[in-house]
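This report concerns only the one structure given below.
The values are calculated or read from the model by the stated rules, or taken from the named source; none is laboratory data. Since the structure is predicted, the reported quantities are computational estimates derived from the model, not experimental observations. All Cβ positions, even for glycine, are placed from backbone atoms using ideal geometry, and neighbour counts span all protein chains on display. Calculation scope for accessible area: heavy atoms of the full protein, side chains included, ligands and nucleic acids excluded. Shrake-Rupley method; radii C 1.70, N 1.55, O 1.52, S 1.80 Å.
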Amino acid sequence: MKAIFSTLKYLLIAISSTLSVAVLVWLAIFLFAPSTSIDKAFALIFYPSVVAGVIAPLAWWLRGRKLEV
């Protein structure tokens, strides 16, 4: 049961970091570069969001392992 909650915690961290990065980048594009093409805007939103969704839970997981040892 503890493993399920731990997995859900990291999944929620991944989803929230992905969405927050996507919203912040979208807002920055909307405010500072409204003439950006759709393809470039998609790349600017999608790739950082995916990286944040992978790096954030990985960092939290490694931090948790470091504290356990």
Checklist outcome for this item: Scanning segment 55-69 residue by residue, the ones that are surrounded by fewer than 12 Cβ atoms within 10 Å (Cβ to Cβ), assigned to a helix (DSSP H, G or I) and either among the aliphatic types (A, V, I, L, M) or at pLDDT 85 or above (or both) total 2
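What are the residues in segment 1-14 that are farther than 9 Å from ALA52 by Cα and not in a loop (DSSP other than H, G, I, E, B), if any?
If we filter segment 1-14 for residues that are farther than 9 Å from ALA52 by Cα, which is where we start, we get 1-13.
Passing the criteria: LYS2, ALA3, ILE4, PHE5, SER6, THR7, LEU8, LYS9, TYR10, LEU11, LEU12, ILE13.
Just to be sure, is ALA52 open to solvent by less than 40 Å² (accessible area, probe 1.4 Å) and at pLDDT 85 or above?
yes
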Checklist entry - Got a number for residues in segment 16-45 being open to solvent by less than 80 Å² (accessible area, probe 1.4 Å), among the β-branched types (Val, Ile, Thr) and assigned to a helix (DSSP H, G or I)? => result 5
